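The next block holds one structure in the form of structure tokens; read it before the comments.
The values are calculated or read from the model by the stated rules, or taken from the named source; none is laboratory data. Keep in mind that this is a model prediction, so the values were computed, not measured. Note: ideal-geometry Cβ built from the backbone for every residue, glycine included; neighbour counts use all protein chains shown. Quick note on the areas: whole protein, heavy atoms, side chains included, nothing else; ligands and nucleic acids left out. Shrake-Rupley method; radii C 1.70, N 1.55, O 1.52, S 1.80 Å.
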Amino acid sequence: ELLSEELSDIERTAKGINLQAVNEIAALMHQKTQIHFFAKGLTSIVFEYASRHLLSLSRHVTLYQDTHIAYIQAEHLTENDIVFLASLSGETEQVVRVAQVARARNAKVVTFTVTPTSRLAKLGDYHFHLVNDATTTLDVDTKSRCQLMLILNIIIKAFVRQSMLAMTENTNRL
């Protein structure tokens with residue numbers, strides 16, 4: 001039952017992925033953009049993985065773990081920045097505030113939430129819906145972040161594929 005529930009959430013999330021948005025985001029990541037990640041709690045750990053993955057590909061990123069620094073840096077964002085923001089509820093105040101400032105500064109905002117009608121989802125230039133119907137009776141957050149990991153992996157793979165295509169085209173021109 002646990003496996004079926006988890007797999008169902010992952011499959012339903014995968015079916016809802018907008019591949020055009022994935023490719024557009026990957027293309028933005030190839031431009032002279034600065035890439036930023038910010039989330040709170042368990043979700044920030046998935047962003048740490050994605051940021052390290054991009055760093056291993058020699059793509060500089062900034063991962064904010066301190067809310068105060070995220071607020072300060074958000075004030076300096078421009079149209080040359082892309083910000084990845086996630087909150088399962090889409091209502092985490094700190095993440096929503098960074099999204100609001102990023103939008104006001106014309107940065108590209110990529111959001112990930114379980115609730116497509118949430119404040120955070122509405123602030124995204126690109127929004128990815130995470131299906132997460134797991135139930136819990138605990139007072140702590142035990143929801144899976146596998147769906148977020150899946151989408152981030154797909155975005156990074158699209159980024160790598162575009163890099164490889166660009167290298168092939170450059171080689172063919174020579």
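With springs only between Cα atoms under 10 Å, which of Leu88, Leu152, Leu57 fluctuates most in a Gaussian network model of the chain?
Its mean-square fluctuation being the largest, the pick is Leu57.
Hey, got the dipole for segment 1-123? About the Cα centre, +1 on K and R Cβ, -1 on D and E Cβ, debye to the nearest 20? Display every interim value, and only then the final one.
Working: 12 positive and 13 negative charges, 98 e Å.
Rounded to the nearest 20 debye, it is 480 debye.
If you count only protein heavy atoms with a 1.4 Å probe, what accessible area per residue comes out for the chain, rounded to a whole Å²?
On the way: 9750 Å² over 174 residues.
Per-residue accessible area for the chain comes out at 56 Å².
Cut-off under 18 Å on the C-alpha distance; same-chain residues fewer than 8 positions from Lys157 excluded. Which lysines are left, in chain and number order?
Lys15
May I ask for the Kirkwood hydrodynamic radius of segment 75-174, worked out over all distinct Cα pairs and given in angstroms to one decimal?
Details: mean 1/r = 0.0655 Å⁻¹.
Kirkwood radius, segment 75-174: 15.3 Å.
Let's test this: bin the Cα-Cα distances of the chain at 10 Å from zero up to the farthest pair and state each bin's percent.
Once binned at 10 Å, the Cα pair distances of the chain give 10, 38, 35, 13, 3, 0, 0.
Taking only Cα atoms, what is the 0 to 90° angle, nearest 10, from helix 146-173's long axis to the longest principal axis of the chain?
Between helix and principal axis, roughly 10 degrees.
Return a whole-number percent for the relative contact order of the chain, with Cα pairs under 8 Å and 6 or more residues apart as the contact set. Walk me through the numbers on the way to the answer.
Values: 262 pairs, mean separation 45.3, N = 174.
Contact order relative to length: 26 percent.
In nanometres, what is the gap between the two model label sites at Glu6 and Asn170, each 7 Å from Cα along Cα-to-Cβ?
Those two pseudo-labels are separated by 4.0 nm.
Within segment 22-46, name every residue whose backbone N is under 17 Å away from a label modeled 7 Å from Cα of Ala134 along the Cβ vector.
Residues 40-46 qualify, since their backbone N sits under 17 Å from the label point.
With every protein chain left in place, what is the accessible area of Glu24 in Å² (1.4 Å probe, nearest 10)?
Glu24 has an accessible surface of roughly 70 Å² with all protein chains in place.
Taking each pair of distinct Cα atoms in segment 9-95 once, what is the resulting Kirkwood hydrodynamic radius in Å? Present the calculation step by step, with values, prior to reporting the outcome.
Details: mean 1/r = 0.0708 Å⁻¹.
One decimal place: 14.1 Å for the Kirkwood radius.
With no solvent and one equal point scatterer per Cα, compute the Debye intensity ratio I(q)/I(0) for segment 1-47 at 0.14, 0.26, 0.31 Å⁻¹ and report its log10, rounded to two decimals.
-0.58, -0.98, -0.97
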